[in-house]
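The values are calculated or read from the model by the stated rules, or taken from the named source; none is laboratory data. Nothing here was measured: the structure is a model prediction, and the numbers come from that model. All Cβ positions, even for glycine, are placed from backbone atoms using ideal geometry, and neighbour counts span all protein chains on display.
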Amino acid sequence: MKKDNPFTLTFGKQPNKYISRYENTDTIISAFEADNPISQAYLIEGIKGSGKTVLMTSIANELKKNKDWIVIDLNSTQDLISDCAMRLVDSCHKFPDFFKQGFNVTVAGFGIGVNGNEAPKDSVSIIDDILASLKKHHKKVLITIDEVLHDDNMRHFASQFQIFIRKDYPVFLIMTGLYENIYAIQNDPALTFLLRTPKIHLEPLSLHQIAKQYAEIFKLDQDQAKKLAHITKGYAFAFQALGLLYYEHHEEMKLDDILSKLDDMLDDFVYKKIWSSLSNQDKNVVLAIKKENTKVGDICKSLGITSSVFSRYRDRLIKRGIISSSQHGYVSLTLPRFELIAKSYD
């Protein structure tokens, strides 16, 4: 009987077979647990399927093990301030007699009990009171927000978070997002503190670690494991998807047939969304990259554009995590098998 598949396609869930990003994890946890944190907020940026949410989740899970930490997860599509207040109230109920007067949530909204009198307070006041009490009890709060959006909701929350930091409250923040959303938030003139917030751009996973896991799980020799690892290009979703498919089908299918199924998964889960977010000229540039290390001169010639015009698209696509330029005058696609799948979109 075949054991449960150790790989998963569920976004944000920490898989059973997970390649830790030790440096990124240590950077954030060390900063947050320091006596004088260099930053109380971090931004994690990366393309869809790169593992942003998994990294944030793994950090949150690690801090949850410490009784001095309270971790709350907010939904970027909800009212962030109200959601934060409700999550904090709910979390603090888990501490018996933590607040002598206790907190009450009314049907109409929030209310805070004081000497038996339920005096209504707004969400900001409730958060303020809770953070002040947590500070006295030497506890810290981590707030996580996945796939942040640049809107008035985010602007309001971030502005208020900055006030909490000025009050020296033990509150910390991790947000994940696509390049374009993180860029817009950091360059919002009303949110200057986020411009100074450290940003982690997710790089591809280690091919060495991917090959090591594939070799261990599938009982492959080093060359076979490396071949599978290189197919993924270190793309986190591809590591999970190829692992899942190989686990299910390697005994009865050829690798080419498994890769055909991989293409379908990449297309359905991530590539269609990525492709639809590109401008027409971005798409033309992607389609002009025929192989690893394609010459920039060849791309410019095929598109009929100058190198200076191309550089604008190149820089944007690099920041979005779609292409790389490890050698001067050449570019490559960072996403595995994207050049094959993108042809069907043309």
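Filtering segment 213-236 down to residues that are small (Gly, Ala, Ser) and more than 26 Å from the chain's Cα centre (by Cα), which residue is farthest from Ser332 (Cα to Cα)?
The selected residue is Ala215.
Criterion first (under 25 Å from Asp26 (Cα atoms), exposed (fewer than 15 other Cβ atoms within 10 Å of the Cβ) and touching a helix residue (DSSP H, G or I) at 6+ places or on another chain (Cβ under 8 Å)) does Asp221 satisfy it?
No.
Out of the residues in segment 50-73 that are farther than 21 Å from Phe239 by Cβ and of a type in the set (A, V, I, L, M, F, W, C), state the one that is nearest to the chain's Cα centre (by Cα).
Only one residue tops the list, namely Ala60.
With the condition kept exactly as written, say whether any residue in segment 307-328 is more than 25 Å from Ser50 (Cβ to Cβ) and among the aliphatic types (A, V, I, L, M).
yes
Only residues that are in contact with a Leu (Cβ under 8 Å, 6 or more places away or on another chain) and either outside the structural domain of Ile29 (by TED's automatic domain parsing) or more than 12 Å from Ile44 (Cα to Cα) (or both): list them for segment 138-161, please.
Answer for segment 138-161, where residues must be in contact with a Leu (Cβ under 8 Å, 6 or more places away or on another chain) and either outside the structural domain of Ile29 (by TED's automatic domain parsing) or more than 12 Å from Ile44 (Cα to Cα) (or both): Lys140, Val141, Leu142, Ile143, Asn153, Met154, Arg155, His156, Phe157, Ala158, Ser159, Phe161.
For a quick check of your reading of the model, give me the residue pairs whose first member lies in segment 202-226 and is without any contact (Cβ under 8 Å) to a residue 40 or more places away in the chain and not assigned by TED's automatic domain parsing to the domain that holds Lys48, whose second is assigned to a loop (DSSP other than H, G, I, E, B) and small (Gly, Ala, Ser), with beta-carbon atoms closer than 7 Å and at least 6 apart or on different chains.
Leu207/Gly234
Could you please find all residues in segment 294-333 being farther than 21 Å from Ile47 by Cβ, touching a Ser or Thr at 6+ places or on another chain (Cβ under 8 Å) and touching a residue at least 24 places away in the same chain (Cβ under 8 Å)?
Val296, Gly297
When you scan segment 262-312, how many residues do you find that are of a type in the set (Gly, Ala, Ser) and closer than 17 Å to Lys233 by Cβ?
0
Just a yes or no: is a residue in segment 64-76 of a type in the set (Asp, Glu) and not assigned by TED's automatic domain parsing to the domain that holds Ile174?
Checked against the condition, which is being of a type in the set (Asp, Glu) and not assigned by TED's automatic domain parsing to the domain that holds Ile174, segment 64-76 yields no hits at all.
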